[in-house]
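**Student:** Structure provided below as structure tokens; questions to follow.
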Amino acid sequence: MTPYRPARPCLIPQCPNLAVTGTGYCADHQARIGLADRDRDRMRGHSADRGYDARWRKRRRWYLRHHPFCTLCHTPATDIHHIVSLAAGGRDNEENLQALCHSCHSRLTAKELRPQLKQNQTKTREGGREKSLEPRGD
């Protein structure tokens, strides 16, 4: 018989509840965080629907071979960033691509998506859910 691991506190600051084993969050916060992740995923859609297909994966490998370092912090690049997003009419041409490390790419993407997420949250609070937040027909 293996000994039980003691429960840990929830990762949300000042939450008095104990975390559900293996998650780091109490049941209440786990439900809230999970819902936010699902809404964000529904809004984004599938990667292939957003233009990231086999052709893109080949282009990405080529670009990383030729631009191996992050253009912002000069560490090894892992991600490719569209300067003008595909959703905004950007292309996969070399002039519109930028090699970034994962950290810089996440920070830049979050900064670009923040106004869009804020707008969707405001519309949801006002009671009018957009189609982009509805479940996909998977």
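**Student:** What's the center-to-center distance, using Cα atoms, between the range 10-28 and the range 84-114 in Å?
**Tutor:** A separation of 34 Å, based on Cα centres.
**Student:** Something else: Work through the residues other than Gly22 whose Cβ is under 13 Å from its Cβ and net out their charges, Lys, Arg +1 and Asp, Glu -1. Before the final figure, lay out each step's value.
**Tutor:** Numbers: positive: Arg5, Arg8; negative: none.
Once positives and negatives cancel, what remains is +2.
**Student:** Return the Rg/Rh value of the range 48-107, two decimal places, where both radii are evaluated on C-alpha atoms and Rh is the Kirkwood radius. Could you put the intermediate results ahead of the total?
**Tutor:** Values: Rg = 11.0 Å, Rh = 11.6 Å.
Taking Rh as the inverse mean 1/r over Cα pairs, Rg/Rh reads 0.95.
**Student:** Could you give the nm distance between label points at Asp53 and Ala87, where each point is 7 Å from its Cα heading toward the beta carbon?
**Tutor:** 2.0
**Student:** Report the gain in length on full extension from Cys73 to Asn17: 0.36 nm times residue separation, minus Cα-Cα distance, nm rounded to one decimal. Before the final figure, lay out each step's value.
**Tutor:** Details: separation 56, 0.36 × 56 = 20.16 nm, distance 3.94 nm.
The Cys73-Asn17 span can extend by a further 16.2 nm.
**Student:** Would you grab the residues whose amide H sits under 5 Å from the one on Cys70? Only those 5+ places off in sequence or on another chain, please, with H modelled 1.01 Å from N.
**Tutor:** So Cys70 has HN proximity to Thr75, Ala77, Cys101.
FYI, it's all coordinate maths here, none of it is from the lab. Small disclaimer: the values here were computed from a predicted structure and weren't measured. Here Cβ is always computed from backbone atoms with ideal geometry, including for glycine, and neighbour counts include all displayed protein chains.
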